[in-house]
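The values are calculated or read from the model by the stated rules, or taken from the named source; none is laboratory data. Fair warning: this is a prediction, and the values are worked out from it, not measured in the lab. So basically every Cβ, Gly included, is an ideal-geometry build from the backbone, and we count neighbours across all protein chains shown. What goes into the accessible areas is simple: the full protein's heavy atoms, side chains included, and nothing from ligands, DNA or RNA. Shrake-Rupley method; radii C 1.70, N 1.55, O 1.52, S 1.80 Å.
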Number of protein chains: 2
Amino acid sequence: MLECPNCGKIESAGVVPVFCPNCRASLFAAPLSPRAGMKRAVRSKHPHPLVRYGDFLPLEGVDPSLSLGEGNTPLLELKTLERRFGVSLLFAKNEAQNPTGSFKDRGTAVAVQKARLLGFHRIGTVSTGNMAASTAAYGARGGFETYVLLKEGTPEASLRAAGIYGPTLVTVRGDYGRLFHKSLDIGKELGIYFMNSVDPFRLEGYKITGFEIFSALGDRPPGSVFVPLSSGGHLIGLMRAFEDLLGEGLIDDFPTFVGVQAAGCAPLARAFETGQNSAARWTDVRTAAHAISNPSPPAGDAVLRMIRRHRGMILSVSDEDMRRAQDLLAAEEGLFCQPESAASLAGFVKCRKLKSFRRGESAVLVLTGSGLKALQSLDSFPLDIHEFTLDGLEDGFRSLT
Amino acid sequence: MLECPNCGKIESAGVVPVFCPNCRASLFAAPLSPRAGMKRAVRSKHPHPLVRYGDFLPLEGVDPSLSLGEGNTPLLELKTLERRFGVSLLFAKNEAQNPTGSFKDRGTAVAVQKARLLGFHRIGTVSTGNMAASTAAYGARGGFETYVLLKEGTPEASLRAAGIYGPTLVTVRGDYGRLFHKSLDIGKELGIYFMNSVDPFRLEGYKITGFEIFSALGDRPPGSVFVPLSSGGHLIGLMRAFEDLLGEGLIDDFPTFVGVQAAGCAPLARAFETGQNSAARWTDVRTAAHAISNPSPPAGDAVLRMIRRHRGMILSVSDEDMRRAQDLLAAEEGLFCQPESAASLAGFVKCRKLKSFRRGESAVLVLTGSGLKALQSLDSFPLDIHEFTLDGLEDGFRSLT
C-alpha cells in the first residue's frame, strides 16, 4: 500500500509506482498496522535492523537470506573536530561501513525484500555509481536477474565495482532525468522492479539510519542532521524516521535537517532560497561531485515540502569545500569518505559561520560513502613520500622525527 | 605482561617486544586476571566489542574515543554456494565491513589502546597496504604521530588510501623481512610503537572475530574456519579465541583451522606439508596476491605449532583459483572482496575435493578485505557492456531479456 500526500492511499497491483497516477506527487510506503512501535524495537535489540525495526517497515515479512549485513553502522563522536570548531557533541554516522560501501545498501535491502514479496525475478536501477553497485550486489545475493543502467561516460572504476556482481550493464546516451522515468515504463512492461533513488520502499530503508541515530544518542533526537543532497531520497527517509518517532510521542523537538548540495548543481538549494515549491532544472552542471549532481531531482517537490514543514534548510558548498572537508575528516578523525559525503561536514562548517544553530545541541554528519570508491579523485593532489634504503633508514628516520 | 611459550612471563617496560629476548619465540599478550569471562560478555551485549569482550583483552581500560567502530561484522550464510557445492552451513565472516575495509582494523584498534596506555605519542607500521591504511586511520583518530613504512613499488592506490590520513609515508628499498625487524629497533630507539603484523596486542584484536563467530552461531563453535594466511597474525588471533573458549569449558571440539596461502609464495604450506617446525624463506615469489605474500613470516614457528596442536591444516591455492573464487563470491552471494580474501573460498573448494572435512559441519570463510581496495586487479578482465541511446532503450531491452 502506497500513500500520496494529496490523494491519500493508492492501491498498486504488481508494480511499485513512484509517482501518484492522479497528481504525479512522490509516493511513500504506508505503514502496516497495527504496530507495536519503537518500544518493542528498543527492547528487542535484535541484531538484524530489518527485524528490529520491522514494525516501522512496509514489509509483510523479512527473508534474512536476502541481507548482506547492512546497517548497525557506528555513530562516532568527533572530539578533535569539536575542539577545532569550538562545538560540543559533533558526531559522524558512517554509512560507508555498509556492505558495498555506501548508504544505498539500506534502501536496496528493503526494496529487494519487497521485490521478493511481490514475486519479481528481475530488478534494476538507474545510477551514477553507488546505487549501481548496491543493487547489483543485492541482486546477486537474492538470485535476481539484475539490470543496471548507467550514464554514458561513467568511470571504469564504477562500472567494475558494479560489474563484478554479474548484472546486465547498460550505458545509455541521453538525458539522465528522462532515463529515470523511461526505466519505470520499461520495468512495468517487462516485469523489472526498477528500485531507483526515490523508490518508496528504498526510502523506508533510510529510516532505519534515523532510528539507529536516535538509539545511539540514548533514545534522544540530535539537534541537527547534515546530509548530502542529490535526488533527496536519503534525506526524505531520514526525516520520515523522526516523523515516526514524533508520531509515537518519543520526541518533542524535530531535529533541524540540513540538505547539502554541490554549488555547481544545486537546484534544490536554489528553490529553497528563492521560496519555490518546485526546483527548476539546473542547466549548467559544474561539479566533480557526480554522486550528488542530479540536475532535475524527481522527488524535488517532496523534499522542499518536508524540509519546510520541519524547519530544515538546504544549502550548497563548493567542490573545494568538500575536498577540504574530506581531508579534515581523514586527517583529524581517521574517516575516509567520498568527497560528496564530506559535503555534510562542509555544510556544517558553513552553518556554523552563519550561526544558524544553537550551541550545546548535538549535530550528526551523515557520511554516505567510502573514499575507496573515489580514489581517482585524489589523483591531482600531491603525495608526500620519503624514500630510503634499508641501510639508510635509521638516519633517515632521525631526520623526520 | 607478555608470555613466551618457552620461557613463561616476560616483563616489558616501555616498549612492546614481539619476540622473546631469551629464545626469540613469538610473544603473546597474557590475560589480565581475574576475569569474569564469556558468560559476562554474552550477557552484556555491549555494542562496543572491546568493552563487551574486555575480559579477554590485555587492556587495563578502553578509551572509546580511539575507536572507529570496528567489529560487529556480519556472519552471512551462503545458501547459493551451499547448493553449488552440496554442503550445508557455509558462512562468510565479512571483515571488509570494518572502518578501513579490512580485518586489520580489529588489531589496530587494540594496539592503539595499548599505545595510549603505555604513553606513546608515536605509532608506526610496516605494511604492503591494508595495515598501512588501518594504522594511519587509527593514528589520525587518536592524534598520534604516525609512520607508515612501505615496500618500494607499492601501488599508488595503496599509497593514497593510507596517505589521505596524513601519516608520514616512507618507502624503503630492500628486503621486506629485514625491514620488519629494523622497524622494531628504530621504534625502540625513537619511541615509536611499531604495531606490525604479529604484534602481541594486534593479535588480541583478532580474537574478537572468533568470539563474534561463536556468538553468531548460537554460542557454538564452527566445524572449520578458512583464513587467508600470510604472516599468520590473523590465524593465530582467531585460534586464541577458541583456546579461550576451550579454557572456559564453553566448547569441547576445537574448530579445524585451515590457513590458505598463495601457491606462488607458500612458505608455511610447504613447511606444514613437509613436517618442518620452521618455514624456510620462499625465494621465488610468483603471485599477484601481494596482501598474502610474505616470503619469510616472522611468527612462522608459532603458526606451525598452533596449527599442529589443534589439528588444523595449511594449504595453498593458485592465483587463478583465487580470482575464480572472488568472482563466485560476488556473482553468487553479492560479496566483493580482495582476491586474497577469496583464498578462503578457494581453500574450502580444495578441501572439499580432498574430502577432508565432515559433511554437516559448519564452515566459516573469513573474508579479510574489501574488493574496492583492489579494483585495479580487475583491469585485465573483460567488462560486458551494452550501449543504447535513450530512444533505442526499449527495443534494446527487449533484445536483452
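Of all residues in the range A:24-39, those satisfying the criterion of being modelled with pLDDT under 80 and surrounded by 14 or more Cβ atoms within 10 Å (Cβ to Cβ) are A:31, A:32, A:35, A:37, A:38. Out of B:93, B:79, B:45, one residue alone is more than 28 Å from residue A:79 (Cα to Cα) and surrounded by fewer than 22 Cβ atoms within 10 Å (Cβ to Cβ). It is B:79.
Can we say residue B:213 is β-branched (Val, Ile, Thr) and closer than 16 Å to residue B:368 by Cα?
Values: β-branched (Val, Ile, Thr): yes; closer than 16 Å to residue B:368 by Cα: yes.
Judged against the criteria, residue B:213 is a match.
Listed by first and then second residue, the pairs with beta-carbon distance under 6 Å, at least 6 apart or on different chains, first residue in the range A:132-151 and within 9 Å of chain B (Cβ to nearest Cβ) and assigned to a strand (DSSP E or B), second of a type in the set (D, E, K, R) and open to solvent by 10 Å² or more (accessible area, probe 1.4 Å), are A:145/A:122.
Would it be correct to say that residue A:273 is out of contact with any Gly (no Cβ under 7 Å at 6 or more places or on another chain), closer than 16 Å to residue A:297 by Cβ and of a type in the set (Asp, Glu)?
Details: out of contact with any Gly (no Cβ under 7 Å at 6 or more places or on another chain): yes; closer than 16 Å to residue A:297 by Cβ: yes; of a type in the set (Asp, Glu): yes.
Here the answer is yes, as residue A:273 does meet what is asked.
One residue stands out among those in the range B:152-163 that are in contact (Cβ under 8 Å) with a residue 24 or more places away in the chain and more than 20 Å from residue A:397 (Cα to Cα): the one that is least open to solvent (accessible area, probe 1.4 Å), which is B:161.
Every residue, every condition in (1) under 25 Å from residue B:95 (Cβ atoms); (2) modelled with pLDDT of 90 or more, yes or no:
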{"residue": "A:22", "(1), (2)": "no, no"}
{"residue": "A:47", "(1), (2)": "yes, no"}
{"residue": "A:50", "(1), (2)": "yes, yes"}
{"residue": "A:61", "(1), (2)": "no, yes"}
{"residue": "A:67", "(1), (2)": "yes, yes"}
{"residue": "A:70", "(1), (2)": "yes, yes"}
{"residue": "A:77", "(1), (2)": "yes, yes"}
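Any idea which of B:289, B:342, B:325 is buried (at least 23 other Cβ atoms within 10 Å of the Cβ), closer than 30 Å to residue B:134 by Cα and more than 14 Å from chain A (Cβ to nearest Cβ)? Just one listed residue meets the conditions, B:289.
So which strands (runs of 3 or more DSSP E) are wholly in the range B:166-231 and hold at least 3 residues that are under 25 Å from residue A:334 (Cα atoms)? Working first, answer last.
Working: elements: B:168-173, B:192-194, B:224-228.
Counting at least 3 such residues, we get B:168-173, B:192-194.
Please enumerate the residues belonging to the range B:293-317 that are open to solvent by less than 40 Å² (accessible area, probe 1.4 Å), in contact with a Ser or Thr (Cβ under 9 Å, 6 or more places away or on another chain) and either assigned to a loop (DSSP other than H, G, I, E, B) or under 30 Å from residue A:169 (Cβ atoms) (or both).
As a first pass, look at the range B:293-317 and keep what is open to solvent by less than 40 Å² (accessible area, probe 1.4 Å): B:293-295, B:297-300, B:302-304, B:306-307, B:310, B:312, B:314-317.
Adding the requirement that they be in contact with a Ser or Thr (Cβ under 9 Å, 6 or more places away or on another chain) leaves B:293-295, B:297-300, B:302-304, B:310, B:312.
Matches in the range B:293-317: B:293, B:294, B:295, B:297, B:298, B:299, B:310, B:312.
Do we have any residue at all in the range A:187-209 that's within 21 Å of residue A:280 (Cα to Cα), in contact with a helix residue (DSSP H, G or I) (Cβ under 9 Å, 6 or more places away or on another chain) and within 14 Å of chain B (Cβ to nearest Cβ)? Scanning the range A:187-209 turns up no residue that is within 21 Å of residue A:280 (Cα to Cα), in contact with a helix residue (DSSP H, G or I) (Cβ under 9 Å, 6 or more places away or on another chain) and within 14 Å of chain B (Cβ to nearest Cβ). Within the range A:377-398, restricting attention to residues that are closer than 18 Å to residue B:122 by Cα and more than 7 Å from chain B (Cβ to nearest Cβ), the residue that is surrounded by the most Cβ atoms within 10 Å (Cβ to Cβ) is A:396.
Select from the range A:168-186 the residues that are under 22 Å from the mean Cα position of the chain (by Cα) and at the interface with another protein chain (Cβ under 9 Å from one of its Cβ atoms) and list them in ascending order.
Narrowing the range A:168-186 to residues under 22 Å from the mean Cα position of the chain (by Cα): A:176-181, A:183-184.
Matches in the range A:168-186: A:178, A:179, A:183.
For the range A:1-20, a tally of residues being modelled with pLDDT of 85 or more and open to solvent by 40 Å² or more (accessible area, probe 1.4 Å) returns 5. Considering the range A:256-280, the residues that are among the polar types (S, T, N, Q) and in a loop (DSSP other than H, G, I, E, B) include one that is least open to solvent (accessible area, probe 1.4 Å), namely A:278.
Within the range A:107-130, how many residues are under 21 Å from residue A:226 (Cβ atoms), open to solvent by 10 Å² or more (accessible area, probe 1.4 Å) and more than 13 Å from every other protein chain (Cβ to nearest Cβ)?
Residues of the range A:107-130 under 21 Å from residue A:226 (Cβ atoms): A:107, A:130.
Subset that is open to solvent by 10 Å² or more (accessible area, probe 1.4 Å): A:130.
Filter once more, keeping what is more than 13 Å from every other protein chain (Cβ to nearest Cβ): none.
So the count comes out to 0.
Condition check for residue A:371 on (1) open to solvent by 10 Å² or more (accessible area, probe 1.4 Å); (2) within 9 Å of chain B (Cβ to nearest Cβ); (3) touching a strand residue (DSSP E or B) at 6+ places or on another chain (Cβ under 6 Å); (4) under 23 Å from residue A:229 (Cα atoms): one failure, at (1).
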